[in-house]
Amino acid sequence: MSTHAFVHPDDIRTLFSRALSAMYRAEVPQYGTLLELVADINARVLHEDQALAARMRSAQQLDRLDVERHGAIRLGTASELSTLRRLFALMGMKPVGYYDLSMAGVPVHATAFRPVDERSLERNPFRVFTSLLRLELIEDAALRQRAAEILLRRRIFTPECLALIDQAERQGGLTGAQAQAFVAQALETFRWHSEATVDIGTYRQLRASHPLVADVVCFKGPHINHLTPRVLDIDEAQAEMHRRGLRAKDSIEGPPRRRHLILLRQTSFLALEEGIRFPGESGADGTHTARFGEIEQRGCALTPRGRALYDELLARALAAERAAVPRATALAHAFEAFPDDLATLHRERLAYFRYTLDAERIAASPPDAEASPDDLLAGGWLRLQPLVYEDFLPVSAAGIFRSNLGSEGTSIPAAGGNRAAFEAALGTAVQDEFALYEAAQAASLAGCRSELRCAAASAES
Ligand code: OOG
Ligand code: NI
């Protein structure tokens, strides 16, 4: 079969994210409210700030905004994770980054599956924050054993889904009809099940060890637990959530509001308490909280140096908060030390950019094509577009986990990360997020240089 008969992975990703969004909207009506609220705010912000609209359009950020979402799931076993890697690969999503959540008392580690090349990100940057339970962090050995046995028995992928993954790997892709079938089958893995697979006693025991353990172990599959649209003004979205009757968590995770937002700011509404049926002679009913809604605003990607400064200032702000300074004040104060203009962010190598050329300036007086980016910027030949942060933040993620799991039984040992074990389970190494941004920035500079060389050559002839 020739490759042109196959659907592009970017298109399969879009089919899937659309289907997942429709399913979640039907399951959790508040998510629909969130989508409407975000669409309203984005339309208003773009209408009121024409300069922002123009900047976003020229940075190919406008078209993707309506489809942009991330979701999250939590898996139980190595084999579930490695199969999910193969499933997401068919949609052009690769594992990027390693997140250790044990440092925040949550017994998981994680990666983000997402598109990695710029063209695919522009088309649809759908990402899924994917956690793997670390059973070794359950202290009670008998309970740990019990949880492992329960997990080994379940099958989170349909047989048809597994067959289509095999087939796609053999053929090198999926035809239109196969892609449709694959999306429908893959969706089943993410569906909510209101029936637990264990009796209520087991559920309560697992829940007492950590609420997340119960969420992962007691159900047929790793239900999608939230889907997050991207908003252009998160402070406004937070206020609007309250106005529309959604129980938003009290503070926004991440950096404070700034002229040039860095990384990522997030807020959520609290998890729903949902009725669950438990098997067993008592036929008991109970409740479980897992699913919630979240909104995020995305800013500029930072270099390792910028990230180190961010981590330092955030730690300083959180320490002040523990000493009873209100969070907003603590954040604003700590982040005064983070430059907030593009030229300084670039000069101090704190953030990543895409370089573009100023055609008029070049026509008026062409520069030395081999000059440094700093000199080309200083002379007005180059311009800066911040690269969007496409990843996640472990401290924010821990805050999101915590606000949605309840505070009971969060006593897991301080373990430290175990990236080698995670990658062994995944079946591959995770990609380095910094290397991806670095490559995007370098490619844009190379593109600008080759245009400058052409301009210089034609000026000479
Ligand atoms: C994932 C929480 C992390 C984010 O946006 O940081 C996350 C979870 O609760 O499973 O989605
Ligand atoms: Ni999230």
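Conditions tested, residue by residue: (1) farther than 30 Å from D358 by Cβ; (2) of a type in the set (S, T, N, Q); (3) more than 16 Å from ligand 2 (Cβ to nearest atom).
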site	(1), (2), (3)
T14	yes, yes, yes
V38	yes, no, no
A54	no, no, yes
Q61	no, yes, yes
G92	yes, no, yes
A112	yes, no, no
Next item on the list: For the range 391-402, indicate whether the set of residues that are basic (K, R) and within 15 Å of ligand 1 (Cβ to nearest atom) is non-empty.
Entry: yes
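Among the residues of the range 7-19, which ones are farther than 18 Å from R86 by Cα and either aliphatic (A, V, I, L, M) or outside the structural domain of G172 (by TED's automatic domain parsing) (or both)?
Residue satisfying the conditions is A19 alone.
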Note to self: I'd like the full set of residues that are in contact (Cβ under 8 Å) with a residue 40 or more places away in the chain, of a type in the set (A, V, I, L, M, F, W, C) and farther than 25 Å from E195 by Cβ, limited to the range 130-163.
What the structure shows: L137
Check: Quick check, is L133 modelled with pLDDT of 95 or more and either within 16 Å of ligand 2 (Cβ to nearest atom) or in the same structural domain as N418 (by TED's automatic domain parsing) (or both)?
Finding: yes
Next item on the list: Take A168 and decide whether it is crowded, with 17+ Cβ neighbours inside 10 Å and farther than 24 Å from R134 by Cα.
Entry: yes
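Just to be sure before I move on: is R265 assigned to a loop (DSSP other than H, G, I, E, B), modelled with pLDDT of 90 or more and either more than 25 Å from D40 (Cα to Cα) or of a type outside the set (F, W, Y) (or both) in the structure I sent? Working first, answer last.
On the way: assigned to a loop (DSSP other than H, G, I, E, B): no; modelled with pLDDT of 90 or more: yes; either more than 25 Å from D40 (Cα to Cα) or of a type outside the set (F, W, Y) (or both): yes.
When the stated conditions are applied, R265 does not pass them.
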Notebook entry, point to check: Among the strands (runs of 3 or more DSSP E) confined wholly to the range 283-398, which include 3 or more residues that are open to solvent by less than 60 Å² (accessible area, probe 1.4 Å), under 30 Å from V217 (Cα atoms) and not small (G, A, S)?
Noted result: 293-298
Check: Which condition breaks for L87 when tested against (1) touching a Gly at 6+ places or on another chain (Cβ under 9 Å); (2) closer than 26 Å to F292 by Cα; (3) at pLDDT 95 or above; (4) away from ligand 2 (no atom under 16 Å from the Cβ)?
Finding: (1)
Checklist line | Pick from the range 45-61, criterion more than 19 Å from F392 (Cα to Cα) and in contact (Cβ under 8 Å) with a residue 12 or more places away in the chain, ranking: surrounded by the fewest Cβ atoms within 10 Å (Cβ to Cβ) | finding: S58
Notebook entry, point to check: Can you tell which of L232, L187, L227, L174 is part of a helix (DSSP H, G or I), open to solvent by less than 40 Å² (accessible area, probe 1.4 Å) and hydrophobic (A, V, I, L, M, F, W, C)?
Noted result: L187
Next item on the list: Can you give me the number of residues within the range 2-13 that are open to solvent by 30 Å² or more (accessible area, probe 1.4 Å) and within 20 Å of the chain's Cα centre (by Cα)?
Entry: 2
Next item on the list: Among the residues of the range 35-85, write down those that are outside any loop (DSSP other than H, G, I, E, B) and among the hydroxyl-bearing types (S, T, Y).
Entry: S58, S79, S82, T83
Item checked: Single unsatisfied condition, R13 versus (1) within 16 Å of ligand 1 (Cβ to nearest atom); (2) touching a residue at least 60 places away in the same chain (Cβ under 8 Å) -> (1)
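Within the range 67-87, can one find any residue that is farther than 30 Å from L405 by Cα and open to solvent by 10 Å² or more (accessible area, probe 1.4 Å)? Break it down stepwise before answering.
Quick first cut of the range 67-87, residues farther than 30 Å from L405 by Cα only: none.
Checked against the condition, which is being farther than 30 Å from L405 by Cα and open to solvent by 10 Å² or more (accessible area, probe 1.4 Å), the range 67-87 yields no hits at all.
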Notebook entry, point to check: Among the residues of the range 421-458 satisfying the criterion of being open to solvent by 70 Å² or more (accessible area, probe 1.4 Å) and not basic (K, R), which is nearest to L137 (Cα to Cα)?
Noted result: A424
Margin query: Condition first: more than 18 Å from V217 (Cα to Cα) and outside any strand (DSSP E or B). Now tell me which residues in the range 106-145 satisfy that.
Written below: P115, V116, D117, E118, R119, S120, L121, E122, R123, N124, P125, F126
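When you check V106 against the structure, is it at pLDDT 95 or above and either out of contact with any Pro (no Cβ under 6 Å at 6 or more places or on another chain) or crowded, with 24+ Cβ neighbours inside 10 Å (or both), yes or no?
Working: at pLDDT 95 or above: no; either out of contact with any Pro (no Cβ under 6 Å at 6 or more places or on another chain) or crowded, with 24+ Cβ neighbours inside 10 Å (or both): yes.
No: the conditions fail for V106.
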Next item on the list: Being out of contact with any Phe, Trp or Tyr (no Cβ under 7 Å at 6 or more places or on another chain), surrounded by 22 or more Cβ atoms within 10 Å (Cβ to Cβ), modelled with pLDDT under 95 and not aliphatic (A, V, I, L, M) narrows it down to one of H242, H210, so name that one.
Entry: H210
Check: Given N404, N418, which one is within 16 Å of ligand 2 (Cβ to nearest atom) and surrounded by 14 or more Cβ atoms within 10 Å (Cβ to Cβ)?
Finding: N404
Margin query: Quick check on G293: is it under 30 Å from R25 (Cβ atoms) and among the small types (G, A, S)?
Written below: yes
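The values are calculated or read from the model by the stated rules, or taken from the named source; none is laboratory data. What you see is a predicted model; the values in this text were computed from it and never measured. Methodologically, a virtual Cβ is constructed for each residue, glycine included, from the backbone with ideal geometry; neighbour enumeration extends over all protein chains shown. For accessibility, only protein heavy atoms count, side chains too; no ligands or nucleic acids. Shrake-Rupley method; radii C 1.70, N 1.55, O 1.52, S 1.80 Å.
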